[in-house]
Amino acid sequence: MIRLDNVTYRYGEEGIALKSVSLNIEKGEMLAIVGHNGSGKSTLAKHLNALLLPTEGSVTVEGMDTKDPDNTLNIRKKVGMVFQNPDNQLVTTIVEEDVAFGPENLGIPSAEIRERVNKALEAVGMTEYANAAPHMLSGGQKQRIAIAGMLAMKPEVLVLDESTAMLDPQGRQEVLEIVSRVNKEYGMTVVMITQYMEEAVMADRVAVMKGGELIMTGTPKEVFSRGEELRSHGLDLPAIARLRDELIAGGMDIPKDAITAQELADAICR
Amino acid sequence: MFKDITLGQYFPGDSVIHRLDPRTKLILMMAYIVAVFLVKDMWLFLFTALYAVGVTLIAGVPLSYLIRSLKPLKFILIFMFIINLLVTSTGEVLVEWWIIRITTGGVKQAVFITIRLILLVSGTSLMTLTTTPISLTDGLERLMMPLSRFRFPAHELAMMMTIALRFIPTLLEEADKITKAQTARGADFESGGIIERAKSMVPVLVPLFVSAFRRADELAMAMESRCYHGGEGRTRMTVLKYRRRDLWAYLSMVLLIGLTLILQAVL
Ligand SMILES: Nc1ncnc2c1ncn2[C@@H]1O[C@H](COP(=O)(O)OP(=O)(O)OP(=O)(O)O)[C@@H](O)[C@H]1O
Ligand SMILES: [Mg+2]
């Protein structure tokens with residue numbers, strides 16, 4: 001779906017933000033990207049829809065090179081992006097108008113836009129707020145509207161750059177549920193950037209970044225069974241994986257790759 | 001302190017006037033201004049005034065709202081009244097004292113100008129009272145569209161207005177937060193003269209501006225991600241459409257202007 005080939009990116013002369021990153025994002029998968037502040041996650045995300053172009057190397061979306069300006073619009077049609085601050089991505093003063101903003105830019109006939117907007121609002125459970133003003137909504141609701149705005153464009157990939165970071169636990173839960181539903185039910189490819197290891201557990205694959213480099217990729221089971229290695233990079237494990245390691249250290253017989261509460265409970269009760 | 005500022009003065013409602021196409025309302029507002037300026041004899045204001053009152057009644061806007069929109073202009077109104085009272089010197093002299101000379105012509109002129117101003121303000125207020133800012137923006141964009149052939153940035157202006165409308169409440173809220181934070185640190189916004197108070201606003205405005213620029217940057221990126229590439233090839237979800245009621249509205253204005261012109265000529 002999206003292929004990054006030895007992508008290096010520099011902000012200005014020095015300040016290297018990505019160092020020769022190669023990554024293949026498969027159709028229909030849910031990929032989580034984790035890493036510290038300043039590890040280059042956002043920089044990587046912005047390469048996925050041609051907001052940034054690689055200094056060296058190449059990014060291709062279904063064979064389209066992001067460097068070719070003729071591809072830009074088509075790439076952005078395929079790759080939708082939701083950002084961190086819910087306040088700064090809504091454009092108009094009425095919720096449904098905002099959801100319509102993307103499809104309007106694509107030049108879709110008005111009757112179809114109306115249909116898409118209704119469906120998108122329904123998908124994020126915000127139908128009753130169709131005529132509300134965005135600044136009256138909670139952070140989680142705003143973020144759901146931002147996602148609806150993307151769904152209405154019918155992209156194939158949805159990139160979320162720490163879209164839950166500014167939300168309270170409830171808002172975060174709402175957004176995560178929608179994202180995982182979009183991935184499972186619509187088969188949309190999801191790239192989820194997050195600081196919360198707990199969120200990475202629900203992905204199909206986890207990529208770990210540090211200092212602009214991709215240092216680990218694998219299933220959550222693989223990545224989170226390498227606790228020592230992660231810790232040596234200054235990264236934490238999800239709470240369940242920490243508990244698992246404590247229990248193992250305490251002499252219990254538990255599989256080293258258990259990462260859900262259910263798996264732990266099963267192992268303990270065995 | 002900032003939160004109380006309301007945007008525009010929309011009076012929510014569902015009257016025929018509210019439902020008129022915003023283009024109709026914009027054009028009628030301009031026509032109304034012309035109608036007011038066409039009046040040369042005071043008593044002909046009767047019709048233009050009745051028109052405004054009629055619209056107010058149909059729209060179900062309380063008269064107090066209309067009067068409130070005149071309040072900020074009370075000094076201008078008083079000023080214009082006095083100036084016209086003093087500089088016109090036709091007709092009989094009513095009062096003469098030192099350099100002041102008030103004549104019947106002056107009184108007439110002053111009243112005439114004041115009525116004209118009140119009607120002008122009421123006419124424009126009636127439009128903003130019955131039209132949401134966003135549909136006003138929409139109407140303006142469509143009306144200015146033909147001008148974009150001459151490189152007039154109609155779409156860009158409308159987009160700017162839309163974004164401004166979207167972010168003013170957000171920025172006001174932020175200004176409020178910053179003010180509170182600075183107050184908590186001992187900043188004083190209440191006392192002192194005008195200059196001191198203005199100075200005390202600096203620690204509020206600087207972070208506000210910095211954040212506004214960051215917001216602008218992020219918004220631009222979000223808009224690009226949503227395939228925004230200017231007005232070209234862009235469609236709209238809600239398409240403005242003239243209806244029968246718009247025709248009636250135009251006819252009523254033709255009647256008003258026609259009546260004014262005919263009576264003006266006959267007399
Ligand atoms: N516009 C910019 N100009 C210069 N340097 C930048 C710019 N944006 C980011 N950087 C630098 O690039 C590096 C990677 O930044 P990036 O925003 O990609 O990190 P991140 O992993 O998204 O961090 P966070 O978790 O804080 O969002 C950082 O060292 C940062 O200082
Ligand atoms: Mg980031």
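The values are calculated or read from the model by the stated rules, or taken from the named source; none is laboratory data. Please read these numbers as outputs of a predicted model, since none were measured by experiment. For neighbour counting, all protein chains shown are included, and Cβ atoms are generated from backbone atoms with ideal geometry for every residue, glycine included. Protein only, heavy atoms only, side chains kept; ligands, DNA and RNA dropped before computing areas. Shrake-Rupley method; radii C 1.70, N 1.55, O 1.52, S 1.80 Å.
Computed log10 I(q)/I(0) for the protein assembly as shown at 0.06, 0.12, 0.13 Å⁻¹: -0.44, -1.19, -1.31, from the Debye equation with unit scatterers placed on every C-alpha and solvent omitted. In this structure, B:Ala216 and A:Ile268 have a Cβ-Cβ separation that, at R0 = 45 Å, corresponds to a calculated FRET efficiency of about 0.25.
I'd like the distance between the alpha-carbon centres of region B:200-228 and region A:167-231, rounded to an integer number of Å. When both Cα centres are located, 29 Å separates them. Think of a 1.4 Å ball rolled over the protein heavy atoms: region B:155-234 then has 58 Å² of accessible area per residue.
Could you tell me the ratio Rg/Rh of region B:155-234? Both radii from Cα atoms, Rh via Kirkwood.
Ratio value, two decimals: 1.14.
Label-to-label distance, B:Leu73 versus B:Asp176, with points set 7 angstrom from Cα along the beta-carbon direction: 3.0 nm. Each Cα pair under 8 Å and six or more residues apart adds its separation to the average, and for region A:16-72 the resulting relative contact order is 24 percent. Each residue of region B:11-16 is assigned a 3J(HN,Hα), and the resulting list reads 9, x, x, 9, 6, 4 Hz, derived from the Karplus form 6.51 cos²θ - 1.76 cosθ + 1.60 (θ = phi - 60°), x at Gly and Pro. Of the DSSP H helices in chain B, those with a Cα length along their own long axis of 27 Å or more and a mean Kyte-Doolittle hydropathy reaching -1.0 comprise B:104-130, B:154-184, B:194-225, B:244-266. Which value in Å is the Kirkwood Rh of region B:147-187 over different Cα pairs? With all distinct Cα pairs of region B:147-187 included, I get 12.5 Å.
Computed over every Cα-Cα pair of region B:80-218 and binned at 5 Å starting from 0, the pair-distance distribution P(r) comes out as 2, 8, 10, 9, 8, 8, 10, 12, 11, 9, 8, 4, 1, 0 percent. For chain B, compute Rg over Rh where Rg is the Cα radius of gyration and Rh is the Kirkwood radius from the inverse mean 1/r over Cα pairs. Using Cα coordinates only, the ratio equals 1.06. Of the solvent-accessible surface of the protein assembly as shown, computed with a 1.4 Å probe over protein heavy atoms with every protein chain present, carbon and sulfur atoms account for 62 percent. Protection proxy ranking for A:30-38, B:105-113, using the average of other Cβ atoms within 10 Å per residue and placing the highest first: A:30-38, B:105-113. Under the criterion of Cα pairs below 8 Å and six or more residues apart, the relative contact order for chain A equals 22 percent.
Residue-wise HN-Hα couplings along region A:207-212, as the Karplus relation 6.51 cos²θ - 1.76 cosθ + 1.60 with θ = phi - 60° gives them from phi, are 10, 10, 10, 8, x, x Hz; Gly and Pro carry x. Structure note, pairs B:Lys71/B:Lys108; A:Lys210/B:Lys180; A:Lys119/A:Lys142; A:Lys41/A:Lys142: Cα-Cα distances above 27 angstrom occur for A:Lys210/B:Lys180.
Relative to the longest principal axis of the Cα atoms of chain A, helix A:95-105 runs at roughly 80 degrees.
If you bin all the Cα-Cα distances of region A:48-135 at 10 Å, starting from zero, the percentages per bin are 15, 39, 30, 15, 2.
Relative to the longest principal Cα axis of chain A, at what angle does helix A:169-185 sit, 0 to 90 degrees, rounded to 10? The answer is roughly 80 degrees. Annotation: amide H of A:Gly57 within the under-5 Å range of A:Thr8, sequence separation 5 or more or interchain, hydrogens built in the peptide plane. Per residue of the protein assembly as shown, the DSSP helices (runs of n ≥ 4 H) give a summed -39500 (n - 2.57) that works out to -17500 deg cm²/dmol at 222 nm.
Both chains summed, the buried accessible area for B and A stands near 3100 Å², from protein heavy atoms and a 1.4 Å probe.
Under a 5 Å amide H cut-off, with hydrogens placed 1.01 Å from N, A:Ile33 pairs with A:Met192, A:Ile193, A:Thr194, A:Ala207 among residues at least 5 apart or on other chains. Within the straight-line cut-off of under 12 Å between alpha carbons, the aspartates and glutamates reachable from A:Lys67 are A:Glu56, sequence neighbours fewer than 8 places apart in one chain being disregarded.
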